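Read the structure below first, then the notes.
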Amino acid sequence: MGNTYSPKEMMVAYGIAPKKSLGQNFLNNLEVVREIVSYAQISKEDLVIEVGPGLGVMTGMLAEEAGYVAAIEIDRSLMEPLSALCKIHPNLTIYNEDVMKMNVGACMAELKATYGLSRVKVVANLPYYITTPIIMMFLEQYAGELSSLTFMIQKEVAERLTAKSGGKDYGAITVAVGYFSEPQICMHVGAHCFIPQPNVDSAVVRLDVRENPPFVLDSQDYFFKVVRAAFCQRRKMLANALSNAPYLGVTREQVVEALGKMSLNDKVRGEVLTPAQFGQLSNLLYSVSQKSK
Ligand code: SAM
């Protein structure tokens, strides 16, 4: 049985009951699946990493477009329908693994070399319970290897990834994702397109990975700590939020002085700083923290 059957028919045929704990909301609308694959702009030069192929509805379409597909699925009970798909598509391997524990880098390097592929793209209808960790794992560990990531995610998360500074959706994840990539919302998808239906609406986002960072950082690690501290206490003035974070190693006076150098008021809140301003502030504070060590 391949992907010519609907998810419902496949669940009956293979005796599969969707697991809520693994975020199993299967796509039940082939037109939406085609659109996601089209937004991902896949060619035969691409190695595609699919996270959570589920019943394989999107996996088969990806294999038709890509040079090679590596699909990583944690749920052993889905291996039977997915293995059947491998017989139809010789350019597909299924890994029965937890994507957060697997050595994805080694897998990418091996498949790229074996099949002579030049680019890697990630495509997934992500399990909602672990959306942000998966996105950040790919960006923090593999941004240099990837050209784009196309994800179906919860609509509210998509809005946070693409938010502008100063708005209610703007936060640490906006700054972090924007540092590595240029995100855009491609389409909105209603809950009725899934089986079982989730309680939330969804959106497809594509993150085009930047070839060069948008600003120069003296320490990327320190920058992410500054951003985390700023949004941990987003209702607080930035000078208080940052000086309250012991891992930054700066006093309130030092933060106020750095803000002054940037022509920013000492009462400013983190949510109004643009990502580039966070970069500038992080460089100033990093230098101060190193001197007082
Ligand atoms: N791609 C399929 C679709 O669109 O119908 C299924 C998407 S469903 C929202 C998420 C899939 O991710 C499920 O198949 C689930 O078992 C899988 N999954 C959940 N956690 C995972 C993890 N840590 N590693 C790999 N796969 C995971």
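Okay, here's what the table says:
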{"quantity": "Among 212, 91, 28, residue whose mean-square fluctuation peaks in a GNM of the chain (springs only between Cα atoms under 10 Å)", "calculated": "212"}
{"quantity": "Eligible aspartates and glutamates near residue 87 by straight Cα distance, threshold 16 Å, same-chain separation 8 or greater", "calculated": "64"}
{"quantity": "Label-point separation, residue 79 to residue 182 (7 Å along Cα→Cβ), nm", "calculated": "4.3"}
{"quantity": "Relative contact order, percent, region 26-113 [alpha-carbon distance under 8 Å, six or more residues apart]", "calculated": "26"}
{"quantity": "Relative contact order of region 220-291, pairs being alpha-carbon contacts under 8 Å that are 6 or more residues apart, as %", "calculated": "37"}
{"quantity": "Those lysines that a straight Cα-Cα span of less than 29 Å connects to residue 267, excepting residues fewer than 8 apart in one chain", "calculated": "164, 168, 225, 236, 291, 293"}
{"quantity": "Sum of -39500 (n - 2.57) over DSSP H runs of 4+, divided by residues of the chain (222 nm, nearest 500)", "calculated": "-12500 deg cm²/dmol"}
{"quantity": "Candidates 120, 32, 216, ranked by Gaussian network fluctuation over the chain, Cα under 10 Å, top entry", "calculated": "216"}
{"quantity": "Shape call, region 220-291: gyration tensor on alpha carbons, a/c limit 1.5", "calculated": "rounded"}
{"quantity": "Per-selection Rg to Rh, region 33-128 - Cα, Kirkwood hydrodynamic radius", "calculated": "0.92"}
{"quantity": "All aspartates and glutamates inside 13 Å of residue 261 as judged from Cα atoms, apart from same-chain residues fewer than 8 positions distant", "calculated": "253"}
{"quantity": "Most fluctuating residue given options 73, 50, 64, as computed from a GNM of the chain linking Cα atoms under 10 Å", "calculated": "64"}
{"quantity": "Extended-chain gain in nm, criterion 0.36 nm per residue less alpha-carbon gap, residue 9 and residue 200", "calculated": "66.3 nm"}
{"quantity": "Pair residue 106, residue 136: separation of 7 Å Cα→Cβ label points (nm)", "calculated": "2.5"}
{"quantity": "Value of relative contact order over region 7-209, rounded to a whole percent, pairs C-alpha under 8 Å and six or more apart", "calculated": "22"}
{"quantity": "Magnitude of the charge dipole, the chain, Cβ model with Lys/Arg +1 and Asp/Glu -1, debye to 20", "calculated": "1020"}
{"quantity": "Using distinct alpha-carbon pairs, which all enter the 1/r mean, Kirkwood radius of the chain in Å", "calculated": "20.5"}
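Every number here is computed from the coordinates shown, using simple stated rules; none is lab data. All of these numbers come straight from a predicted model, not from anything done at the bench. Cβ sites come from the backbone with ideal geometry, for glycine too, and all protein chains shown count toward neighbours.
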